[in-house]
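The values are calculated or read from the model by the stated rules, or taken from the named source; none is laboratory data. What you are looking at is a predicted structure, and each value in this text was computed from that prediction instead of being measured. Cβ sites come from the backbone with ideal geometry, for glycine too, and all protein chains shown count toward neighbours. What goes into the accessible areas is simple: the full protein's heavy atoms, side chains included, and nothing from ligands, DNA or RNA. Shrake-Rupley method; radii C 1.70, N 1.55, O 1.52, S 1.80 Å.
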Amino acid sequence: MEFIIYSIIIFIIASAVFALAKRKPPLLQPTIDMERTILEQHVLFYQRLTASEKENFEKRVSDFLQKVRITGVDTTVEDIDSVFVAAAAIIPIFAFKDWEYRNIHEVLIYPGSFDEKYDTIGADRDVLGMVGNGPLQNVMILSQTDVRNGFLNVHSKS
């Protein structure tokens, strides 16, 4: 009888440890003040909004960052990258009040352009972004260099 009780206890402890190990780390996101600073300094679309629209845009950026994991692949994702990715996601849907991305759970940030096989070295690296199918379902891949250039380029219309 003791063997059964000990077995059950060990099974429960092992299950709990396995469940904790399987959990993803919490989503890290910039503070609201950092988000606002980046938006004010670099996102022309945001700069042109009214005060109430800016507040709405900030909320939607923050909500996006709470729901979508942004992961660097061979690069470090900085606050500016996270805010730029969220802003780029919100800009095209901003006019649609209740619309949000339900199909994107993670954005992978590659350091630069890549090819159809996700290689970042070699010729034919002309892919700047991709939404995955199959094993990459619910994942978007973006080039860090190109996301940054899209917002930091003074001639950009973003």
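Ranked by the mean number of other Cβ atoms within 10 Å of their residues, highest first, the peptides 36-49, 91-104 fall in the order 36-49, 91-104.
Extension gain for the segment V73 to M34, taken as residue separation times 0.36 nm less the Cα-Cα distance, is 11.7 nm to one decimal. Ranking F64, I93, T76 by Cα position along the charge dipole of region 63-103, where only Lys, Arg, Asp and Glu carry charges on their C-beta atoms, puts I93 farthest toward the positive end. Ordered by solvent-accessible area of protein heavy atoms (1.4 Å probe), largest first, the residues L142, L152 come out as L152, L142. Each other residue within a Cβ distance under 11 Å of E58 adds +1 if Lys or Arg and -1 if Asp or Glu, for a net charge of -2. Rolling a 1.4 Å probe over the protein heavy atoms leaves V73 with an accessible area of roughly 40 Å².
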